[in-house]
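Have a look at this one before I ask anything.
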2 protein chains.
Amino acid sequence: MEFPSKIVEEAVIQFAKLPGIGKKTALRMVLHLLKQDKVPVEQLTHSLLKLKTDLKFCSECHNISDSELCNICADKNRNHDVICVVEDLRDVMAIENTSQYRGVYHVLGGLISPVDGIGPDDIRILPLYERIERSNANEIIFALAATMEGDTTAFYISKKLKGTIKVTAISRGIAIGGELEYADEITLGRSILGRIPYKI
Amino acid sequence: MEFPSKIVEEAVIQFAKLPGIGKKTALRMVLHLLKQDKVPVEQLTHSLLKLKTDLKFCSECHNISDSELCNICADKNRNHDVICVVEDLRDVMAIENTSQYRGVYHVLGGLISPVDGIGPDDIRILPLYERIERSNANEIIFALAATMEGDTTAFYISKKLKGTIKVTAISRGIAIGGELEYADEITLGRSILGRIPYKI
């Protein structure tokens, strides 16, 4: 693509660095901003800069938070004895949306991934150990992605915790409402191996 | 969606105002920026603000430009007697990419759209008339979208220019390499009505 203006080109390049944004989409976004007044553009840039300057992380669960302690960790009505280990903010939001979980969280901020050069020390595993030691927690639940990285991370953490605390993981299997014939073989195979007692 | 932080929520809302960006994509973009250092985020915001502060428009064709006169209008080797009328920057880039056009452009900056409250005075039609009057232009080519808005705009402009200058429009029809059976009826119908002499 050849641009008539270096300024437009630079803005397109910057937008195209965002995940899932190609050059054509980036150009569409830039043209949209060009048609706007100065104020909405300043609002956008202001709120992006605030991400870097004003954002705090909860000192307990390491989730993004506006205060020293996030709303979930500060909530006395929640069960602080159960800690759900997740990768990031989105997982917390997804689980909270189910309204089925009343425990607290621990946000790792990533998964162990040797391919990407992310080791155990690059994510918040040590703070999890420390937290379990100083708290009354009696169960940790792994709610990590069903990928090589998620499995590796869960395995690494659980090895160290073996015998000290109850360790569980969210169940895997055929989705509710899912047809067996459309499920992939690995999921279906695992759900047969991991069969559970039928409750009447 | 319930966010654990107002700052994240605000950034997601601002991103989601961009065209084609939903809340989930916006959140993904925000989480991406969170993982970045401060510098790339500042580069992004800086280049967006520059769009509003440093950008100029070519005084001749009204295309976005870094200088008073854009590269195309300043090019003495181009044919300044033929003016191609387009909606915006993207159309100029698309036509330039074909390497088939050696004339100059006029960027309207929009199309007449009564539904959206955009009238003839909201886009750069008057500057086009003035430009045709003071220049030696002998042909204008409409290269506008084949939509109600594009047709309305071309009709409005051509009415006033009738008899003063040669007015043409880019050809419409079945795309090169296109199969007849997959073409929509309107395109196919119009391409039959608008048939041209067959050249051997």
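The values are calculated or read from the model by the stated rules, or taken from the named source; none is laboratory data. The shown structure was predicted, so the numbers you read here are calculated from the model rather than taken from an experiment. Cβ sites come from the backbone with ideal geometry, for glycine too, and all protein chains shown count toward neighbours. Remember, those area values only see protein heavy atoms, side chains included, never the ligands or the DNA or RNA. Shrake-Rupley method; radii C 1.70, N 1.55, O 1.52, S 1.80 Å.
What percent antiparallel are the DSSP beta bridges of chain A, to the nearest 5? Write out the running numbers ahead of the final one.
Working: 3 of 16 bridges.
Antiparallel bridges make up about 20 percent of those DSSP assigns within chain A.
Say R0 is 60 Å: what FRET efficiency, to the nearest 0.05, do B:Ile165 and A:Arg134 get from their beta-carbon distance?
So, using R0 = 60 Å, E works out to roughly 0.15.
Continuing with this model, one more query. Taking each label point as 7 Å beyond Cα in the direction of the beta carbon, state the distances from A:Ala169 to the same residue in the other copies, shortest first, in nm.
Result, one decimal in nm: 6.2.
Something else about it: Need one value: the accessible area of A:Glu179 in square angstrom, 1.4 angstrom probe, rounded to the nearest 10.
So the heavy atoms of A:Glu179 present about 110 Å² to solvent.
Give a quick list of chymotrypsin sites (Phe, Trp or Tyr not before Pro) in region B:110-200 that DSSP marks as loop, anything other than H, G, I, E or B, with at most 15 other Cβ atoms within 10 Å.
Passing sites in region B:110-200 are B:Tyr198.
May I ask for the net charge around B:Asn79, where only other residues with Cβ less than 13 Å from the Cβ of B:Asn79 are counted and Lys, Arg are +1 while Asp, Glu are -1?
Spelling it out: positives minus negatives among the neighbours equals 0.
In region A:42-128, with Lys and Arg counted as +1 and Asp and Glu as -1 at Cβ, which of these residues, A:Gly119, A:Cys84, A:Ile72, has the Cα nearest the positive end of the dipole, that is, farthest along it?
Most positive-ward Cα: A:Ile72.
Please report, in debye to the nearest 20, how large the charge dipole of chain A is about its Cα centre when each Lys and Arg carries +1 at its beta carbon and each Asp and Glu carries -1 there. Provide the component values of the computation, followed by the final result.
Values: 25 positive and 27 negative charges, 45 e Å.
Once rounded to the nearest 20, the dipole reads 220 debye.
Just the accessible area per residue of region B:1-63, please: how many Å² with a 1.4 Å probe?
With the other protein chains kept in place, region B:1-63 gives 48 Å² per residue.
For region A:45-114 and region A:24-43, write down the distance between their C-alpha centroids in whole Å.
Cα centroid to Cα centroid, the span is 31 Å.
Right, here's the next one. Simple spin-label model, 7 Å along Cα-to-Cβ: B:Val39 to B:Asp81 in nm?
Going by the 7 Å Cα→Cβ label model, 5.4 nm.
Roughly what would the spin-label model give for A:Thr187 and A:Ala94, points 7 Å off Cα along C-beta, in nm?
1.2
In debye, nearest 20: dipole of the protein assembly as shown around its Cα centre with unit charges on the Cβ of K, R (+) and D, E (-)? Kindly include the intermediate steps, with their values, before the conclusion.
Working: 50 positive and 54 negative charges, 6 e Å.
The dipole of the protein assembly as shown has a size of about 20 debye.
I would also like to ask the following. Magnitude of the Cβ-charge dipole of region A:3-60, K/R +1 and D/E -1, about the Cα centre, nearest 20 debye?
Roughly 220 debye for region A:3-60.
Let me ask something else. Taking the Cβ-Cβ separation of B:Arg102 and A:Thr147 as r and a Förster radius of 56 Å, what is the calculated FRET efficiency to the nearest 0.05?
Numbers: r = 54 Å, r/R0 = 0.96.
Between B:Arg102 and A:Thr147 the formula returns 0.55.
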